[in-house]
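What follows is a set of notes on a single structure, which appears directly below.
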Amino acid sequence: MSEIIETGIQCLTDEAQAILDLVPRMGNEFEQSVDLILNCRGKVIVTGVGKSGHVGSKIAATLASTGTPSFYLNPLDAYHGDLGMIAPGDVVMAISYSGNTDELLRFIPLILEREIPIIGISGNPDSLLARYSTVHLNIAVSHEADPLNLAPTSSTTATLAMGDALACALVKVRHFKDADFARFHPGGSLGKRLLSKVRDFMATDALDIWTVSPNDMLSDVITKISQGRKGLVVALDENNDVVGIITDGDVRRAMQRHREAFFSLKVGDVMTRHPKQIRMDAKLSQAADLMLSNSIHALIVLDKNNRFCGIIDYFACV
């Protein structure tokens, strides 16, 4: 094994251990921190300098995306007008591994003056930050993963993990659901599946969907399946009600099974009767779940009058 790979493995091992070392410290202080955030009537303002600031920005983003109004504030900006962003009812989460970062400590009295609770996160329970915090979370590490034991590596990993632990605990106690998460991520794939309707993504174009009669010769349907972009045709009866569906796979299997007799078969002899259906006003996530649970790649879509109006395939749902 090369020295490069060994160093990478050692880094991952050290950082993983730094997170595991937090487990025995998960006690009253952690519960109190969650309670402070849970009962916060305003916002959670996360602050820190340097690498702690970068980690704090990510923690704030995670909290915001999981139902806790939160944003990151650089302490240096607070001295130049941004202190107005903090109001009674807020909670401040202050991050400093040493707990004695000068820029952060000069910011703390301004918070205490407003009687705003502080959740301090540091690796030094005897620091000034710990002393003036309402609640202090100890994220001390035995050493940094950096071979020189200088660059913030294990310590920033532990800090980030503690922030994630707070967010996860809040998700649990708030009974936060995937639909709630989607409302904060409307542009993502999860938001698409949970907020969008089948009608928004179903195929209705004749080039996508060909319809046939159960009495049509199966040999004549091959061309329509090939021309359609969904690899299937829908069988409708004389009342235009869906009675079956045929995919390109159905045709191949029919050829193998019936051989020379294939050309005498009709659509009704091969089609899948009573295909799975879904209403056009159903959520996209429902369509995806229905297809996964039945190991199929497409669903018949019905309108509010239960009439055939389109096809939704799995790729449109993800």
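The values are calculated or read from the model by the stated rules, or taken from the named source; none is laboratory data. Quantities reported herein were computed from a predicted structural model and do not represent experimental measurements. Here the Cβ positions follow ideal geometry from the backbone for every residue, glycine too, while neighbour counts run over all protein chains shown. To get the accessible areas, we keep the full protein, side chains included, count just its heavy atoms, and leave off ligands, DNA and RNA. Shrake-Rupley method; radii C 1.70, N 1.55, O 1.52, S 1.80 Å.
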Check Trp210: other-chain or 5+ apart residues with amide H under 5 Å from its amide H, H built from backbone geometry?
Val234
Separation of the Arg174 and His143 label points, Cα + 7 Å toward Cβ, nm:
4.0 nm
Out of Ser219, Ser133, Ser196, a Gaussian network model of the chain with alpha-carbon springs under 10 Å gives the largest mean-square fluctuation to Ser219
Looking at the chain as a GNM with Cα springs under 10 Å, which of Ala165, Ala151, Ala298 has the largest mean-square fluctuation?
Ala151
Determine the alpha carbon to alpha carbon distance for each of Lys172/Lys230; Lys172/Lys304; Lys43/Lys197; Lys197/Lys230; Lys197/Lys224 and list only those over 31 Å.
Lys172/Lys230; Lys172/Lys304; Lys43/Lys197
Taking DSSP loops as anything outside H, G, I, E and B, show the longest stretch in the chain free of GluC sites (Glu not before Pro) there with at most 13 other beta carbons within 10 Å.
116-237
Suppose the chain between Arg229 and Met255 were pulled fully straight at 0.36 nm per residue; how much longer would it get relative to their current alpha carbon spacing?
7.2 nm
Using 0.36 nm times the number of residues separating Leu76 and Asn239, minus their current alpha carbon distance, what extension gain do you get?
51.4 nm
Amide H neighbours of Lys197 under 5 Å, at least 5 residues apart or on other chains, H built in the peptide plane: list them.
Leu284
For Cys11, Cys317, Cys168, write out the residues from largest to smallest accessible area, computed with a 1.4 angstrom probe and no ligands counted.
Cys168, Cys11, Cys317
Thr204 and Asn28 label points (each 7 Å along its Cα→Cβ direction) are spaced in nm at 6.3 nm
Heavy atoms of the protein only, probe of 1.4 Å, neighbouring chains included. What is the accessible area of Ile5 in Å², nearest 10?
90 Å²
Per-residue accessible area, 1.4 Å probe, largest first, puts Met291, Met255, Met217 in the order Met255, Met217, Met291
Amide hydrogen neighbours beyond the local backbone of Lys266, cut-off 5 Å, H modeled:
Leu218
Taking a crude spin-label model, label points 7 Å out from Cα along the C-beta direction, the Leu110 to Ile5 distance in nm is 5.1 nm
Extended-chain gain in nm, criterion 0.36 nm per residue less alpha-carbon gap, Arg131 and Asp289:
51.8 nm
Just report the Cα centroid separation between region 225-254 and region 114-164, whole Å.
62 Å
Can you give the direction-averaged projected area of the convex hull of the alpha-carbon atoms in the chain, in nm²?
24.8 nm²
May I ask for the percentage of alpha-carbon pairs in region 43-171 that lie more than 26 Å from each other?
15 percent
Which of Phe107, Phe262, Phe176 ends up with the largest GNM mean-square fluctuation for the chain, with Cα atoms connected below 10 Å?
Phe262
